[in-house]
Amino acid sequence: MSGDQTAELAAAVASAVAENRPLFIAGHGSKKAWQPELQAEPLDLATHTGVIDYQPTELVVTTRGGTPLSELNQVLAEQGQQLASEPPLLGAAAKQGTVGGAVASGFSGPARPWGGSLRDAVLGVELLNGKGEVLRFGGQVMKNVAGYDVSRLQAGAWGSLGAMLNISLRVQPIAAATQTMKLDLDAEQANALAREMAQKHLPLTATCWVNGSYYLRLSGHADTVTQGLKPLSGQLIDADAAAVFWQAIRDQQHEFFATAQAKPLWRVVTPPAAPLPDFTGEFLLEWQGGLRWLRHDNTDVVRDYALKVGGWCWAVGQLQPIDVAQARLMQRLKHAFDPTDIFVSTLDFSSAN
Amino acid sequence: MNTSHKNAELVLDQLRGVLPDTSLITDAAGLKPYETDGLTAIRELPWLVVLPTTEHQVVEVVNICRQHQVPIIARGAGTGLSGGARPHKHGVVLGLSKMNQILHVDEVNSVARVQPGVRNLAITEAAKQFGLYYAPDPSSQIACSIGGNVAENAGGVHCLKYGLTVHNVLGVRVVTSDGEVLEIGGAVYDRPGLDLLALLCGSEGMLGIVTEVTVALLPQPQQKSVILVGFDEVTQAGAAVADIIAAGIIPAGMEMMDKRAVEAAEQFAHAGYPLDAAAILIIELDGSDTEVAALTRQVSEILRSAGASHIECADDEHTQARLWKGRKSAFPAVGRLSPDYLCMDGTIPRARLAEVLTRIDELSSEFNLAVANVFHAADGNLHPLILFDANVDGQTEQAMAMGARILEVCVEMGGTVTGEHGVGVEKLDTMCVQFNAAELEQFFAIKRAMDSVDILNPGKGIPTLTRCGELGGMHVHGGHLPFPEIERF
Ligand SMILES: Cc1cc2nc3c(=O)[nH]c(=O)nc-3n(C[C@H](O)[C@H](O)[C@H](O)COP(=O)(O)OP(=O)(O)OC[C@H]3O[C@@H](n4cnc5c(N)ncnc54)[C@H](O)[C@@H]3O)c2cc1C
């Protein structure tokens with residue numbers, strides 16, 4: 001069973017509301033590790049699939065929410081295009097996430113600082129809200145300020161406001177040339193180099209520091225990429241090996257992310273040039289320093305650090321930390337879409353701290 | 001001063017208690033400059049104007065107004081084109097022009113923290129010493145405020161490549177109608193919880209008062225080239241735009257003007273535009289030296305194959321400035337052709353451009369009003385300028401009715417009634433065409449969630465169901481609005 005399930009999904013929500021049975025919006029379950037266990041029945045979006053409209057010269061694609069992200073990537077690549085934010089494919093083969101799940105989690109990949117976030121690329125949604133209504137917001141055009149931006153509000157909402165039945169996303173041409181260079185640097189040196197590069201005209205599209213090596217990816221016009229690499233004294237990585245490396249970083253498959261590790265995994269978002277932590281622990285840096293993955297077992301230590309440098313942190317499998325005043329407002333917004341709390345999600349506004 | 005407000009004296013006393021004299025305007029002469037924004041066809045004197053100098057004063061004003069149910073109309077520079085900052089006769093205009101400090105340019109993190117009244121261009125000027133700039137550049141950038149840009153999600157001529165305001169703002173401080181100060185985001189690439197920042201961008205002062213903005217800064221491009229292109233047919237120009245994007249090129253800017261706009265701009269700015277062309281494109285390419293050289297060659301070839309009748313490439317700053325000057329002064333230039341004009345702001349899928357232009361031509365004949373077309377061609381955002389004379393009886397209404405028809409065409413083509421100027425009061429009726437009752441009700445539910453007392457810019461942005469019902473789906477026939485007695489502004 002696949003294709004357009006709009007009627008079935010709307011009916012399922014309506015009856016869940018009538019019988020007061022909470023639902024959680026389920027795609028492939030590829031982001032389970034990020035979510036605390038949810039006590040609700042699944043509303044299965046994974047069969048609601050298909051690329052509905054794709055106009056490469058308009059730079060817009062519209063898909064049903066349950067369309068596999070890998071399939072969308074493929075369709076775009078055939079036309080020399082991509083999602084500029086490189087959203088991760090998590091989980092196991094064949095069930096590595098849906099387009100709706102990608103938007104709902106709001107995760108962006110290594111290209112985020114240069115290509116924008118997946119949220120940035122959202123142009124429109126058709127939303128099934130908590131009253132079982134199917135509503136359209138935004139559209140398939142680049143610019144749209146008619147009404148509040150309900151479409152981008154779905155990014156990072158983890159399905160708390162409703163199910164995205166259709167999503168229109170802005171796409172981007174794939175760069176003509178890409179090169180990756182590896183430099184042997186410690187984290188401090190890497191961070192210093194990142195600061196220096198931020199004010200230059202390098203066509204950077206990814207950075208990653210891990211295990212004493214700093215990887216830089218440059219993409220764009222072939223000459224610009226070659227010129228950009230000139231002043232750097234590192235080792236060029238073979239294109240295939242580089243693609244494998246960046247995919248592993250994007251998909252959290254690099255050994256650093258291996259779940260067998262004892263200590264909790266933290267996602268720490270900071271100002272890019274913020275000082276590195278002075279406590280010992282393992283870490284991996286992305287986004288020119290703006291995203292810092294940490295392995296650490298002391299919550300207070302990580303939290304104090306994140307706050308001190310003007311950032312925030314989130315441990316895999318824990319609740320996101322939300323400021324109390326903002327959580328109160330978010331709760332009211334949730335009820336604006338879902339007055340009876342029919343959608344249970346990983347965002348918890350009531351117990352937020 | 002309008003004293004019809006119920007607790008007028010009490011509210012005034014309380015405001016005097018929290019604001020210095022210089023921050024409170026009550027006399028008619030002082031109120032006059034605030035009676036309209038950039039949509040000058042609509043005017044109304046506010047009851048009061050307050051000009052706080054601190055966030056704390058903003059909170060105090062909001063608290064007083066909430067207590068007495070006094071509407072608050074936030075105002076930046078008043079350049080908005082949809083009447084978003086149009087005053088309320090029983091309301092307070094909360095002007096942010098005195099909160100105009102650049103608080104910090106943080107060159108290592110490539111961000112700037114600024115107060116809401118800072119002018120858009122002033123941010124780039126302050127960042128220049130570090131080789132950085134703020135990308136969104138509305139044509140009004142010498143005047144408009146960053147707070148107003150956030151509230152309208154303003155765009156500019158470079159936004160296909162560099163994004164709109166929502167893509168270039170990383171954080172805001174905002175005062176809610178509860179008088180609470182929220183600090184959302186900062187110099188960071190994402191934030192926990194629901195994306196309140198996305199919701200606030202483009203919310204037209206209806207969900208919160210922005211008191212501080214953290215913007216992303218970009219390194220200034222190394223090299224630029226500007227190409228001026230003329231075409232004998234508008235459709236050729238439209239096709240050329242698609243061809244360039246199909247070749248995998250995202251120009252820094254790509255603007256289109258039709259014959260009438262070109263004539264006006266040429267008289268005004270002497271930019272050297274080809275007067276015999278049916279349409280021109282102004283294309284800006286940027287990047288490294290070799291990249292720009294290669295792109296310029298590639299784009300010129302595409303343009304020639306697309307049938308361009310005139311191509312001029314400029315790689316020196318002086319000529320580039322001249323070529324841009326005509327486009328950047330298009331609005332005032334058109335303003336000289338006619339006593340008044342109305343600027344529309346629909347966005348369409350680019351592939352439908354030729355059809356939409358034909359329909360606009362037909363409407364122009366039907367209403368007997370001339371139109372000059374200026375577009376952000378790269379992203380399908382049209383600015384048809386309807387020329388009229390407000391002193392001729394009924395022409396303002398005719399122009400408004402014709403504008404509404406143009407926007408209906410945009411919606412019919414799969415587009416939207418507003419790409420960057422906002423709904424304000426101007427497009428309330430056309431919103432009824434784009435959204436159904438349940439969708440409008442969803443917007444109202446958001447408004448209630450964020451502003452339960454409905455004091456922030458009430459009545460703007462979202463039309464009531466009653467209004468839409470009475471307009472019968474907003475189909476205007478022969479230029480006669482149904483129910484002319486319903487207030488439309
Ligand atoms: C000649 C001309 C050219 C223009 N070109 C462009 C263009 O290229 N692109 C474009 O996008 N726009 C353009 N505009 C429209 C206008 O300049 C923008 O909408 C701009 O963002 C408005 O800023 P402002 O400070 O003047 O806001 P105002 O007009 O004062 O207010 C606009 C709206 O924002 C709200 N607001 C203002 N400040 C705040 C705040 N601090 N907190 C909360 N709400 C607030 C107001 O309530 C109102 O609803 C142009 C206008 C003119 C006159």
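For the stretch A:65-97, what are the residues that are acidic (Asp, Glu) and surrounded by fewer than 23 Cβ atoms within 10 Å (Cβ to Cβ)? Walk me through it before giving the result.
Of all residues in the stretch A:65-97, those acidic (Asp, Glu) come to A:71, A:78, A:86.
Listed by number, the residues that qualify are A:GLU71, A:GLU78.
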(request) Assess whether B:GLY422 counts as being touching a residue at least 60 places away in the same chain (Cβ under 8 Å), surrounded by 24 or more Cβ atoms within 10 Å (Cβ to Cβ) and within 30 Å of A:ARG328 (Cβ to Cβ). (result) yes
(request) Take B:SER82 and decide whether it is over 20 Å from A:ALA273 (Cβ atoms), surrounded by 24 or more Cβ atoms within 10 Å (Cβ to Cβ) and within 14 Å of another protein chain (Cβ to nearest Cβ). (result) yes
(message) Name the single residue that is nearest to the other protein chains (Cβ to nearest Cβ) among those in the stretch A:140-156 being in contact (Cβ under 8 Å) with a residue 24 or more places away in the chain and open to solvent by 20 Å² or more (accessible area, probe 1.4 Å).
(response) A:MET142
(request) Might you let me know whether the stretch A:30-47 holds any residue that is within 15 Å of the chain's Cα centre (by Cα), crowded, with 20+ Cβ neighbours inside 10 Å and of a type in the set (Ser, Thr, Tyr)? (result) yes
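Please go through the stretch A:235-250 and give me each residue that is surrounded by 15 or more Cβ atoms within 10 Å (Cβ to Cβ) and either in contact with a helix residue (DSSP H, G or I) (Cβ under 8 Å, 6 or more places away or on another chain) or of a type outside the set (Phe, Trp, Tyr) (or both), ordered by number. Write out each step before concluding.
Going through the stretch A:235-250, the residues surrounded by 15 or more Cβ atoms within 10 Å (Cβ to Cβ) turn out to be A:237, A:242, A:245-250.
Of everything in the stretch A:235-250, those that are surrounded by 15 or more Cβ atoms within 10 Å (Cβ to Cβ) and either in contact with a helix residue (DSSP H, G or I) (Cβ under 8 Å, 6 or more places away or on another chain) or of a type outside the set (Phe, Trp, Tyr) (or both) turn out to be A:ILE237, A:ALA242, A:GLN247, A:ALA248, A:ILE249, A:ARG250.
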(request) Determine which member of the set A:THR226, A:THR207 is within 14 Å of chain B (Cβ to nearest Cβ) and under 20 Å from the mean Cα position of the chain (by Cα). (result) A:THR207
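Considering only the stretch A:264-296, state which residues are at pLDDT 90 or above and part of a loop (DSSP other than H, G, I, E, B). Outline the logic, then answer.
If we filter the stretch A:264-296 for residues that are at pLDDT 90 or above, which is where we start, we get A:264-277, A:283-296.
Scanning the stretch A:264-296 gives A:PRO264, A:THR270, A:PRO271, A:PRO272, A:ALA273, A:ALA274, A:PRO275, A:LEU276, A:PRO277, A:GLY290, A:HIS296.
Which residues, counting only those in the stretch A:157-176, are assigned to a loop (DSSP other than H, G, I, E, B), within 10 Å of another protein chain (Cβ to nearest Cβ) and either aromatic (Phe, Trp, Tyr) or open to solvent by less than 10 Å² (accessible area, probe 1.4 Å) (or both)? Steps first, please.
Let us first name the residues in the stretch A:157-176 that are assigned to a loop (DSSP other than H, G, I, E, B), namely A:157-161, A:171, A:174-176.
Then drop every residue that is not within 10 Å of another protein chain (Cβ to nearest Cβ), which leaves A:157-158, A:160-161, A:174-176.
Correct list: A:ALA157, A:TRP158, A:SER160, A:LEU161.
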(request) Could you tell me whether the stretch A:325-339 includes any residue that is more than 10 Å from chain B (Cβ to nearest Cβ) and open to solvent by 10 Å² or more (accessible area, probe 1.4 Å)? (result) no
(request) Can you give me the number of residues within the stretch A:309-324 that are within 18 Å of A:TRP293 (Cβ to Cβ) and more than 7 Å from every other protein chain (Cβ to nearest Cβ)? (result) 6
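The values are calculated or read from the model by the stated rules, or taken from the named source; none is laboratory data. Here the structure is a predicted model, which means the values were calculated and not measured. Virtual Cβ from ideal backbone geometry, glycine too; neighbours counted across all protein chains shown. Side chains are part of the model used for accessible areas, which takes the heavy atoms of the whole protein and leaves out ligands, DNA and RNA. Shrake-Rupley method; radii C 1.70, N 1.55, O 1.52, S 1.80 Å.
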